[in-house]
Amino acid sequence: MLNGIRIIEIEGVGPAPFAAMHMADLGADVIVVHRKGGNPTPGMPTTPVIDRGKRSIELDLKDAGDVATLKALLGTADGLVEGFRPGVMEKLGLGPEVCHKIKPALVYGRMTGWGQEGPMASMAGHDMNYIGLSGALWFASLPGHPPVAPPTMVGDIGGGALYLTVGMLAGILNARATGKGTVVDAAIVDGSAHMMNLLMTLRQSGPQNSTRGTSILDGPHWSRCYACADGGFISVQCLEPKFYAVFLELMGLRDDPAFATQFDPESWPQAMGRLVDLFATRPRDHWADVFAGTDACAAPVLSPDEALNHPLSKARGIWQGDGPLQTAPAPRFDGRAVVAGTPPARGEHTDEIRAELGADGAL
């Protein structure tokens, strides 16, 4: 879908490379500028999954000749992606003003935690810090327990990388219509807060306070995970009454008065206690079989390795286990799955890319 679009990615970690991978998955020609002679981030593989489908060129952005090569590349590109702290690219002489002189239609994508401006722009932080301040982490636990969210999913990826991808594509569409580029300021604190609007909408139909365990999705007995006899877990979220009725029928609770008032907060603690005891009597896969093929809106909680072998994953090819465990590109178009590319070795395409640039790419 993005065939013909070229993105230049300046090597970084986390959400910016993920956004570039997402665009590569969708067909863009993504060239990642790896640091010349540099080593990958400690603990990271030399060919990480998030570099899949990209081409790699090694450049030293403190070397005038290599900077000239990068500028030549930018002249051929639709967008640039970087994830440094505010001001770093400017210090390298590669800020938006310089790059827009090279190509006025360039979309300059900037990925940060706290934003390009504001009182915290220069501060360090990580996924949990950003979503903690934005409000997105607040509901991520049961009452009385410290909030916890799946690492990177809500902040780095959800509120960061995916917002950068959307911003880049919107900017490219606008640039093609107007000939004018833009600067995309994708801040994780902004994106993760923005994602709260669906929950805030649902909150309007329930208790109007921010006490954890009282909202329409984090308080009811029909919207949580339960531990099973073998230590596994079952997720339950049967919001609509017709699905709640199916759930109760399968659990043998259809005529139980403790479950008669689905949306009454006063009934939730007792009903939850009953379900805690009931789910603990059987292993996870027993309950998975009970709910399989029904509209009870209940499903097992699987590890990535288990998800790889689930029939749904096998049918759709969601998880891929040949080589490093990873997921397939998403979304799909016209029902067809997109094939993921392979990660390049660092600098693998340096000569190829320089040759494409001709004299501008010479050392």
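What accessible area per residue comes out for the chain, rounded to a whole number of Å², with a 1.4 Å probe?
In whole numbers, the chain has 50 Å² accessible per residue.
Roughly to the nearest percent, how much of the accessible area of the stretch 35-94 is carbon and sulfur, given a 1.4 Å probe?
The computed percentage sits at 55.
Report D for the stretch 212-328 in µm² per second (integer): Stokes-Einstein, Kirkwood Rh on Cα pairs, 10 °C, 1.306 mPa s.
Using the Kirkwood radius from Cα pairs, D works out to 104 µm²/s.
Work from the charge dipole of the stretch 85-221 (Cβ charges, +1 for Lys and Arg, -1 for Asp and Glu, about the Cα centre) and give the residue of A105, A121, M195 farthest towards its positive end.
Of A105, A121, M195, it is A105.
Can you pull the one-decimal nm distance between simple spin-label points at L198 and M123, each 7 Å off the Cα toward Cβ?
With each label point 7 Å from Cα toward Cβ, the separation is 2.9 nm.
Any idea what angle helix 15-25 forms with the longest principal axis of the chain, computed on alpha-carbon atoms, 0 to 90 degrees, nearest 10?
80
Going from the alpha-carbon gyration tensor of the stretch 65-194, what semi-axes, largest first and in whole Å, does one get by taking the root of 5 times each eigenvalue?
Square roots of five times the eigenvalues give 32, 16, 11 Å.
Among DSSP beta bridges whose residues both lie in the chain, state the antiparallel percentage, nearest 5.
Details: 11 of 34 bridges.
For the chain, the DSSP antiparallel bridge percentage is about 30.
Any idea what Rg and Dmax come out to for the chain if you just take the C-alpha atoms, in Å?
24.2, 80
In nm, to one decimal, how far is the modelled label at A245 from the one at V13, with both set 7 Å along Cα→Cβ?
Result: 5.3 nm between the two label points.
Explain nothing, just the number: relative contact order of the stretch 171-254, from Cα pairs under 8 Å at least 6 residues apart, as a whole percent.
In percent, rounded to a whole number, it is 12.
How much of the accessible area of the stretch 123-196, in percent, comes from carbon and sulfur atoms when a 1.4 Å probe is used?
Roughly 70 percent of what the probe reaches on the stretch 123-196 is carbon or sulfur.
When the gyration tensor of the stretch 153-267 is built from Cα positions, what are the square roots of 5 times its three eigenvalues, in whole Å, from largest to smallest?
Values: eigenvalues 332, 51, 38 Å².
In descending order the semi-axes read 41, 16, 14 Å.
Percent of accessible area on the stretch 211-363 owned by carbon and sulfur, 1.4 Å probe?
C and S atoms contribute 55 percent here.
Do you know the relative contact order of the stretch 16-121, to the nearest whole percent, from alpha carbon pairs under 8 angstrom that are 6+ apart?
24
Run the numbers on the chain and let me know its relative contact order in percent, using alpha-carbon pairs under 8 Å that are six or more apart. Walk me through the numbers before you get to the answer.
Working: 640 pairs, mean separation 69.1, N = 363.
Worked out over the chain, it gives 19 percent.
Given H placed 1.01 Å from N in the peptide plane, which residues other than close sequence neighbours of K36 have an amide H under 5 Å from its amide H?
Amide H neighbours of K36: L59, D60, L61.
In the stretch 282-303, which residues have a backbone nitrogen under 17 Å from the label point lying 7 Å from D230's Cα in the Cα-to-Cβ direction?
Under 17 Å, as judged by backbone N against the label point of D230, lie 282-292, 299-303 of the stretch 282-303.
Treating the angle as unsigned and between 0 and 90°, give the value, to the nearest 10°, between the Cα long axis of helix 162-178 and the longest Cα principal axis of the chain.
50
For the chain, what does -39500 (n - 2.57) per DSSP helix run (n ≥ 4), summed and divided by total residues, give at 222 nm, in deg cm²/dmol to the nearest 500?
-9500 deg cm²/dmol
Using 0.36 nm per residue of separation minus the Cα-Cα distance, give me the extension gain between F84 and Q270 in nm, one decimal.
Net length gain for the segment: 62.0 nm.
How much length is gained if the chain between H286 and T46 is pulled fully straight, taking 0.36 nm per residue apart and subtracting their Cα-Cα distance, in nm to one decimal?
Here the answer is 82.3 nm.
Quick check: net charge around R284, other residues with Cβ under 13 Å of its Cβ, Lys/Arg +1 and Asp/Glu -1?
-3
On a straight-distance basis, which aspartates and glutamates could pair with K54 in a cross-link, Cα separation under 18 angstrom, same-chain partners fewer than 8 positions away excluded?
Output for K54: E9, E11, D25, D29, D78, E82, E348, D351, E352, E356.
Can you run phi through the Karplus equation (6.51, -1.76, 1.60; θ = phi - 60°) for the stretch 115-124 and list ³J(HN,Hα) in whole Hz, with x for Gly and Pro?
x, 6, 9, x, x, 10, 4, 8, 7, 6
Hey, rough spin-label estimate for I102 and V339, points 7 angstrom out along Cα→Cβ, what's it come to in nanometres?
Once both label points are built, they end up 3.3 nm from each other.
Across every pair of different alpha-carbon atoms, what Kirkwood hydrodynamic radius in Å does the stretch 294-363 reach?
15.7
The values are calculated or read from the model by the stated rules, or taken from the named source; none is laboratory data. What you are looking at is a predicted structure, and each value in this text was computed from that prediction instead of being measured. When we count neighbours, we look across all protein chains shown, and the Cβ atoms used for this are built from the backbone with ideal geometry, even at glycine. Heads up: the accessible areas ignore ligands, DNA and RNA and are worked out on the full protein's heavy atoms, side chains in. Shrake-Rupley method; radii C 1.70, N 1.55, O 1.52, S 1.80 Å.
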